[in-house]
Amino acid sequence: MVCMVRTKKTVGIINIAGGNIKSLYNAIDKKYCSVFEISDISKNIKFDAIIFPGVGNIASLSKRLFSNKNSFIYEHIQLERKIIGICMGFQILSEYSMETKPDSKGLNLLEGYTDKLKSVESHIGWNSVNFSQNSIFAKFDKNDFYFNHKYKLHDFNPNFITGSSHINEFETIPAVFEKNNLIGFQFHPEKSQLVGNELLNHALAS
């Protein structure tokens with residue numbers, strides 16, 4: 001009988017926007033993933049997956065990304081390797097963000113732009129997420145996850161929004177994006193206790 005040894009996936013957390021990534025680092029199962037914090041994106045390094053975390057300043061993140069044209073991130077994109085964006089990290093995958101003046105340029109990996117919520121100034125706290133049946137996260141349907149944001153994705157392609165959340169009777173927001181190697185979460189799985197950790201590790205394993 002041959003025993004197959006499972007190779008750990010390499011995961012890079014892109015920490016160039018001034019945020020604290022400790023909770024995100026702790027949420028990833030080190031049994032199956034080797035996790036690295038990346039503060040210098042000019043290095044010639046390769047990962048199975050990279051994560052744009054949901055903390056920091058989007059203007060700083062955008063500036064750092066587009067001032068390093070030789071960054072390994074662009075090769076990672078071209079090779080269509082996995083990218084996970086959380087909250088602000090989800091928003092940087094879009095065309096641009098109106099959170100700053102002037103607008104902050106995004107990576108243009110998904111259709112749409114980010115602008116303010118329509119019905120409330122901010123959406124903070126636990127809220128349920130409705131997943132579509134074709135989502136890889138369908139088993140997490142109607143679980144509660146932790147949100148903390150003032151902006152959301154606008155003018156998106158609904159074909160790739162596989163999870164949504166009702167803020168109130170007036171507004172429903174896109175909460176999960178899935179397209180090939182790209183995954184975006186508007187909520188914070190790393191701050192959503194055990195169910196959030198399970199979802200995040202499922203995203204990395206899928």
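The values are calculated or read from the model by the stated rules, or taken from the named source; none is laboratory data. Remember, it's a predicted structure, so these values are computed and weren't measured experimentally. All Cβ positions, even for glycine, are placed from backbone atoms using ideal geometry, and neighbour counts span all protein chains on display.
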Note to self: Considering only residues that are hydrophobic (A, V, I, L, M, F, W, C), in contact with a strand residue (DSSP E or B) (Cβ under 8 Å, 6 or more places away or on another chain) and under 22 Å from LEU200 (Cα atoms), which ones fall in segment 38-57?
What the structure shows: ILE38, PHE47, ALA49, ILE50, ILE51, PHE52
Next item on the list: Could you name every one of the strands (runs of 3 or more DSSP E) located completely within segment 159-206 that has at least 3 residues being polar (S, T, N, Q), more than 15 Å from PHE52 (Cα to Cα) and within 14 Å of the chain's Cα centre (by Cα)?
Entry: none
Check: In segment 76-106, which residues are more than 17 Å from ILE41 (Cβ to Cβ) and touching a residue at least 12 places away in the same chain (Cβ under 8 Å)?
Finding: GLU80, ILE86, CYS87, PHE90, GLN91, SER94, GLU95, TYR96, SER97, MET98, GLU99, THR100
Next item on the list: Take segment 14-30 and flag every residue that is farther than 16 Å from ILE58 by Cβ and either touching a helix residue (DSSP H, G or I) at 6+ places or on another chain (Cβ under 6 Å) or among the hydroxyl-bearing types (Ser, Thr, Tyr) (or both).
Entry: SER23, LEU24, TYR25, ALA27, ASP29
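Working only within segment 132-158, note down all residues that are in a strand (DSSP E or B) and either closer than 21 Å to SER94 by Cβ or modelled with pLDDT under 95 (or both).
Within segment 132-158, PHE145, PHE147, ASN148, HIS149, TYR151, LYS152, LEU153, HIS154 meet the criteria.
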Checklist line | All positions within segment 126-138 that are of a type outside the set (Gly, Ala, Ser) and either out of contact with any strand residue (DSSP E or B) (no Cβ under 8 Å at 6 or more places or on another chain) or surrounded by 14 or more Cβ atoms within 10 Å (Cβ to Cβ) (or both) | finding: ASN127, VAL129, ASN130, PHE131, GLN133, ILE136, PHE137
Note to self: Suppose we filter VAL35, VAL11 for residues that are in contact with a Leu (Cβ under 7 Å, 6 or more places away or on another chain), over 19 Å from GLN186 (Cα atoms), touching a residue at least 12 places away in the same chain (Cβ under 8 Å) and surrounded by 21 or more Cβ atoms within 10 Å (Cβ to Cβ); which single one remains?
What the structure shows: VAL11
Item checked: Residues being touching a Phe, Trp or Tyr at 6+ places or on another chain (Cβ under 8 Å) and small (Gly, Ala, Ser) - total across segment 8-22 -> 1
